[in-house]
Amino acid sequence: MQRVELAQEGIRLARAARKVLPHDGEVSGLLALMLLTDARRAARTGPDGELIPLTKQDRTLWDQKQIAEGVELLTAALARGSVGAYQLQAAIAAVHDEAEHGEDTDWPQILALYDLLKRMSDNPMVALNHAIAAAMVHGPAAGLQLLDGLDKDGRLAGNHRLDAVRAHLLEMAGDRDGAIVHYRMAAGRTTSIPERNYLITQAARLSEDGPK
């Protein structure tokens, strides 16, 4: 379930912080990130509350006014020359938001931004997203190799997102059975009902597509 009121309150607070610190690039970057992410809210779920992944969202539902504001904020912040983690995350969101179609996404640029972000922050979720970007640029085997290293990171132990990403990359690689196993593992580990339903649906789709 999307917590619309929390997102709106976060944006309000970020706007207030920017009024106090108008020349702080990271404050502007945080606000830009919030706007660019929230801009996709209307397309994230279907009529029955089911999750819709970024690549399959109806981009005509994205809030172009928020996207334009976020890009303007980010451009001004980056021009100041001191780049921080929020600005890099906002830049990644902007690359996604500015692609007219999912297949138009500039994945090499996103991968380069995640490379920078990884050097700046030892965050396992950044590393997980970096693996996805690497798979989109260099193929699923490259992403899966990066995931093997993350298996040893205790901060991701039992985290359903690691299984979900591995399932997606295994599916990309043509390993249907492996993908089914990890979609089901991810479904069993998430506490979010919409996420669980989505992951179970992915496993069921692959099972139906397989040999009879």
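Can you tell me the orientation of helix 25-38 relative to the chain, as the angle in degrees between its alpha-carbon axis and the longest Cα principal axis, to the nearest 10?
In the chain, helix 25-38 runs at an angle near 50 degrees to the longest axis.
Provide the per-residue ³J(HN,Hα) series for segment 108-121, in order, calculated from phi with Karplus coefficients 6.51, -1.76, 1.60 and θ = phi - 60°, each as a whole number of Hz, with x at glycine and proline positions.
After applying 6.51 cos²θ - 1.76 cosθ + 1.60, I find x, 5, 5, 4, 5, 5, 5, 4, 5, 5, 5, 5, 8, 9 Hz.
Do any trypsin sites (Lys or Arg not before Pro) in segment 139-168 lie in a loop, going by DSSP, with at most 14 other beta-carbon atoms within 10 Å of their beta carbon, and if so which?
Passing sites in segment 139-168 are LYS152.
Among LEU144, SER192, GLN202, whose Cα sits farthest toward the positive end of the charge dipole of segment 135-202 (+1 at Cβ of Lys/Arg, -1 at Cβ of Asp/Glu, about the Cα centre)?
Of the listed residues, the answer is SER192.
Accessible area per residue of the chain at 1.4 Å probe, in Å²?
In whole numbers, the chain has 55 Å² accessible per residue.
Simple spin-label model, 7 Å along Cα-to-Cβ: GLU5 to ILE52 in nm?
For the pair GLU5/ILE52, the computed spacing is 2.5 nm.
Mind listing the long-range amide H neighbours of THR45? Cut-off is under 5 Å, sequence gap 5 or more, other chains count too, H placed in the peptide plane at 1.01 Å from N.
ILE52
Note the listed values (1) 17.5; (2) 16.9; (3) 18.4, then indicate which one is Kirkwood radius over Cα pairs in Å calculated from this particular structure.
(3)
Where does the chain land at 222 nm, in deg cm²/dmol rounded to the nearest 500, when only DSSP H runs of n ≥ 4 count, each adding -39500 (n - 2.57), divided by all residues?
Rounded to the nearest 500, it is -22000 deg cm²/dmol.
In the chain, what percent of the accessible surface is made up of carbon and sulfur (1.4 Å probe, ligands and nucleic acids excluded)?
For the chain, the apolar C and S fraction of the accessible surface comes to 55 percent.
Ranked from highest to lowest mean number of other Cβ atoms within 10 Å per residue, what is the order of the peptides 182-191, 116-125?
182-191, 116-125
Given charges of +1 on the Cβ of Lys and Arg and -1 on the Cβ of Asp and Glu, with all other atoms neutral, how large is the dipole of the chain about its Cα centre, in debye to the nearest 20?
It works out to roughly 520 debye.
Hey, for a label at LYS152 modelled as a point 7 Å past Cα toward Cβ, could you say which residues of segment 104-139 have their backbone N under 18 Å away?
Residues passing the 18 Å test: 122-125, 127-128, 131.
The values are calculated or read from the model by the stated rules, or taken from the named source; none is laboratory data. Keep in mind that what you see is a predicted model, and the values were worked out from it rather than measured. Because the Cβ atoms are built from the backbone with ideal geometry, glycine has one as well, and the counts that use them run over all protein chains shown. For the accessible areas, the whole protein counts, side chains as well, though only heavy atoms, and no ligand, DNA or RNA atoms are used. Shrake-Rupley method; radii C 1.70, N 1.55, O 1.52, S 1.80 Å.
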